[in-house]
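One structure below.
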Amino acid sequence: MSTEIDTARAAALLDEAPLAHASLFRFATAGSVDDGKSTLVGRLLHDSKAILADQLDAVARTSADRGFGGPGAAGVQAIDLALLTDGLRAEREQGITIDVAYRYFATDRRSFILADCPGHVQYTKNTVTGASTADAVVVLIDARKGVLEQTRRHLSVLQLLRVAHVIVAVNKIDLVDFSESVFRGIEADVQKVGRELGLGSDGITDLLVVPVSALDGDNVVERSERTPWYTGPALLEVLETLPAADELESHLESFRFPVQLVVRPQGALAPDAVAGGLDVEKYRDYRAYAGQITEGSVKVGDKVSVLTPGQAPRTTTVTGIDFAGAELTEAVAPQSVALRLADEFDVARGDTIAAAGTVREASADLYAALCWLSPKPLREGAKVLVKHGTRTVQALVRSVSGKLDLATFKLEGASSLELNDIGHAQLRLAAPLPLENYLHHRRTGAFLVIDPLDGNTLAAGLVNDHPGDHEDERYSI
Amino acid sequence: MSTFLTEEPTQVTEAAVSTRLSSLDTLESEAIHIIREVVAEFEKPALLFSGGKDSVVMLHLATKAFWPGKVPFPVLHVDTGHNFPEVIDFRDRTVERLGLKLVVGSVQEFIDRGELAERADGTRNPLQTVPLLDAIQSNKFDAVFGGGRRDEDKARAKERILSLRDEFGQWDPRNQRPELWNLYNGRHTVGQHVRAFPISNWTELDVWRYIERENIELPGLYYAHDREVFARDGMWRAVGEVSQPRPDEEVITKTVRYRTVGDMSCTGAVESAAATVRDVVIEVAASTITERGATRADDRISEAAMEDRKKDGYF
């Protein structure tokens, strides 16, 4: 009835300096149930003590009911770790995972958000969804099977999405007797696929291979003595030390800020702020542009351009960066702030504020890779909505120019895209947008395709350069 | 280029800035971005406000999102009639302080009109769904902010940040929209509405650390106090008008606190000496029991309890 306090752990979490400064790291897992992905996720959560006693009790009961473990089985082996991550009743009944599930755990170095992506059903949809916000993705391979067609598909999608860190976990290494030669063979195959894709050699992504046993815990949280030939870090160590996207150096040059709304109280000031001593005169004519910095950084005094569709960019100076009463001198992605500008332009939701002179002219012609996520296929001539930043515009699908065979990385001719296809299309927008190549801008180069009839999300879009101005051959998938 | 936080600060070039964000900073900015998106894209949002810590944090984030302006939406409370009086008092003071409009959906009124029936076990938490949907419909709210977090249970772990609900308020977990990057798709048709969960990615510990950092006031029963309680279903129940011991249940005075402040008839207290927010942060960090399992009798009914209630239009 009383909560049990492990004061040693609380002290470790709280009294040491890192937690207050601990960063957030987002990663995803990709692989099928057969690769032991759920077991690996359960192992990470269990060994990092993110699984709480009552959850473990419930899982142990269910494991016993289903005959998992057995007489003499002790400790964690006696329970089915995969049950820790099966969320919905239908999943438990069918023994499968339907949807991306989010998990949370923390070490004294970092807080983690894990997007656990099921592999066997709609793998493209789930992997694209999980990877879109991930700093890193862990792809599982069964050591007994090696690189399969599905591995190639996963790596291909991750390369397309330019996930910064791809970690291939060669699981069930215990079932191949911790054999170095088996691991080295798989490692070489993975690196070969990586080279074919440009993964790990494009200057944007890197590729690591780690031997693990999710069932026994080898090289998951701590380095295993049973793989003495492996001198690299355990999986969790890798995740703890890779730089997160928002830890990289930020520069004005890449500063992008889609305006969400205009904060203009016009006298309707917050009563709690006024009661707290807010200078009413100073804020009577307050006007600022609220949004989240998607990339880069900005300082007071920086020159920026306001990009409004259909108008030439207007250049002005940042005079203030406000955050709930605090006047900042600088801000960095992904902070949510409100910017004040020197000139009283008409700025509205849907406009983008960017470092002056760094964004090419807005265009109504959109060339893109589309990851098709809907059972309703894409046809040439379809009318859709495109959501880019904080603006949504109508669009016409002019042509589909092919789809990618994820196993061979070859572009095939196609005039439509079906669920889980990735292909190329050209769209004509009803209004020009400040589109940027996804290769260089993961946020302002990304967009959603939405069905105007029922509002459902049809596709994840990645902006390509226009034909003729390709700077990177590989990008034309 | 080294960017590891644990190492010495890297030398930055002139154009680079030195700001480093903590996990709480990142979660706060994510939540504010979501709140602003919903306000910008919906006609009539409202925020579910119970006086519970998650909804108090939500409201605090909203004040930061629109500062120095007022929070531009009303708050909605579904009153079971079994709430702790001090929580209702806290709710009213908060609404007054921020100059907000309060909309109340009353379970008691539905029972009085015969549109809801009291359950045999006396628990009113599951009865909140009907007054909630009625309030959403009659006020024409098209987006409702909630303080739900994905770490609360396994069904919530699969919930989207913007979650579409049909005309009956139902959640269809097998037919959710993929959520990509920070592009939220809130499009809906007439009769549908959206539940928005800006603190989806926060854990219980994040919430408490944020309450500590931001010095946010909470109802007093979150902190250790002496209270007359009796044991039932493995929990300490408060003695109150709607929560009376049976003859065989002994009433004793204990030093307790609450980890959630729902319905008095089904929310249990935990024995705790955590009297300050710092004490609670340490207790939560060390706790080996998740909050719902520890203190909500209605979630113990079955493993699928939350999933079933969500499908029926619960938070």
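The values are calculated or read from the model by the stated rules, or taken from the named source; none is laboratory data. All values derive from a computational prediction rather than experimental measurement. Cβ sites come from the backbone with ideal geometry, for glycine too, and all protein chains shown count toward neighbours.
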Exercise. What number of residues within segment B:145-203 satisfy the criterion of being over 21 Å from the mean Cα position of the chain (by Cα) and not in a loop (DSSP other than H, G, I, E, B)?
Worked result: 4
For this session: Would you list the strands (runs of 3 or more DSSP E) that sit entirely within segment A:370-477 and hold 2 or more residues that are touching a Pro at 6+ places or on another chain (Cβ under 6 Å)?
Result: A:422-433
Problem set entry | Given (1) assigned to a helix (DSSP H, G or I); (2) within 14 Å of chain B (Cβ to nearest Cβ); (3) of a type outside the set (Ser, Thr, Tyr), index of the condition A:VAL190 fails | (2)
Problem set entry | Subset of segment B:65-89 (residues that are surrounded by fewer than 19 Cβ atoms within 10 Å (Cβ to Cβ) and either at the interface with chain A (Cβ under 9 Å from one of its Cβ atoms) or closer than 24 Å to A:TYR286 by Cα (or both)) | B:PRO72, B:PRO74
For this session: Please verify whether segment A:255-265 includes one or more residues that are surrounded by fewer than 19 Cβ atoms within 10 Å (Cβ to Cβ) and under 24 Å from B:ALA31 (Cβ atoms).
Result: yes
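Would you say A:ASP302 is closer than 25 Å to A:ARG442 by Cα and within 12 Å of chain B (Cβ to nearest Cβ)?
On the way: closer than 25 Å to A:ARG442 by Cα: yes; within 12 Å of chain B (Cβ to nearest Cβ): yes.
Taking the combined requirement at face value, the residue satisfies it.
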For this session: Could you tell me whether segment B:181-198 includes any residue that is away from every other protein chain (no Cβ under 14 Å) and surrounded by fewer than 23 Cβ atoms within 10 Å (Cβ to Cβ)?
Result: no
Exercise. Got a sec? Which of A:LYS282, A:LYS192 is assigned by TED's automatic domain parsing to the domain that holds A:LEU175 and surrounded by fewer than 19 Cβ atoms within 10 Å (Cβ to Cβ)?
Worked result: A:LYS192
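Just the residues that are assigned to a loop (DSSP other than H, G, I, E, B) and either touching an Asp or Glu at 6+ places or on another chain (Cβ under 6 Å) or within 7 Å of another protein chain (Cβ to nearest Cβ) (or both), please, taken from segment A:248-297.
Once the filter is applied, which keeps residues that are assigned to a loop (DSSP other than H, G, I, E, B) and either touching an Asp or Glu at 6+ places or on another chain (Cβ under 6 Å) or within 7 Å of another protein chain (Cβ to nearest Cβ) (or both), segment A:248-297 yields A:LEU248, A:GLU249, A:PRO265, A:ALA268, A:ALA270, A:LEU278, A:TYR283, A:TYR286.
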For this session: Enumerate the pairs (first residue in segment A:199-214 and under 15 Å from A:ASP135 (Cα atoms); second residue anywhere and among the basic types (Lys, Arg)) with beta-carbon separation below 9 Å, excluding pairs fewer than 6 apart on the same chain, so at least 6 apart or on different chains.
Result: A:ILE204/A:ARG162; A:THR205/A:ARG162
Exercise. Taking segment B:125-143 on its own, how many of its residues are of a type in the set (Val, Ile, Thr) and closer than 22 Å to B:ILE161 by Cα?
Worked result: 2
For this session: Taking only segment A:326-349 into account, find how many residues are within 12 Å of chain B (Cβ to nearest Cβ) and buried (at least 21 other Cβ atoms within 10 Å of the Cβ).
Result: 7
Exercise. Does B:ALA40 fit the bill of being surrounded by fewer than 21 Cβ atoms within 10 Å (Cβ to Cβ), at pLDDT 95 or above and more than 22 Å from A:ALA106 (Cβ to Cβ)?
Worked result: yes
For this session: Output the qualifying pairs, or none if there are none: Cβ atoms under 6 angstrom, residues six or more apart or on different chains, first residue in segment B:253-273 and under 14 Å from B:ARG232 (Cβ atoms) and touching a residue at least 12 places away in the same chain (Cβ under 8 Å), second residue assigned to a loop (DSSP other than H, G, I, E, B) and small (Gly, Ala, Ser).
Result: B:SER265/B:GLY122
Seminar exercise, completed: Just one listed residue, out of A:GLN311, A:GLN292, is under 21 Å from B:ALA31 (Cβ atoms) and of a type in the set (S, T, N, Q), and it is A:GLN292
Problem set entry | Number of the condition not met by A:LEU239 [criteria: (1) within 12 Å of chain B (Cβ to nearest Cβ); (2) within 20 Å of the chain's Cα centre (by Cα)] | (1)
Exercise. Quick check: anything in segment B:213-222 facing another protein chain (nearest Cβ under 8 Å), of a type in the set (A, V, I, L, M), crowded, with 19+ Cβ neighbours inside 10 Å and in contact with a helix residue (DSSP H, G or I) (Cβ under 9 Å, 6 or more places away or on another chain)?
Worked result: no
Seminar exercise, completed: Filtering segment A:437-449 down to residues that are surrounded by fewer than 24 Cβ atoms within 10 Å (Cβ to Cβ) and within 14 Å of another protein chain (Cβ to nearest Cβ) yields A:TYR438, A:HIS441, A:ARG442, A:ARG443, A:GLY445
For this session: Identify, from the list A:LEU406, A:LEU433, the residue that is of a type outside the set (Asp, Glu), at pLDDT below 95 and closer than 20 Å to A:GLY198 by Cα.
Result: A:LEU406
Seminar exercise, completed: Filtering segment A:152-173 down to residues that are part of a helix (DSSP H, G or I), more than 19 Å from the chain's Cα centre (by Cα) and not basic (Lys, Arg) yields A:ILE173
Problem set entry | Inter-residue pairs, beta-carbon under 9 Å, first at negative phi and within 13 Å of another protein chain (Cβ to nearest Cβ) and in segment B:94-115, second hydroxyl-bearing (Ser, Thr, Tyr) and assigned to a helix (DSSP H, G or I), 6+ apart | B:LEU98/B:THR63; B:LEU100/B:THR94
For this session: Looking only at segment A:149-162, decide whether some residue is touching a Lys or Arg at 6+ places or on another chain (Cβ under 7 Å) and at pLDDT below 95.
Result: yes
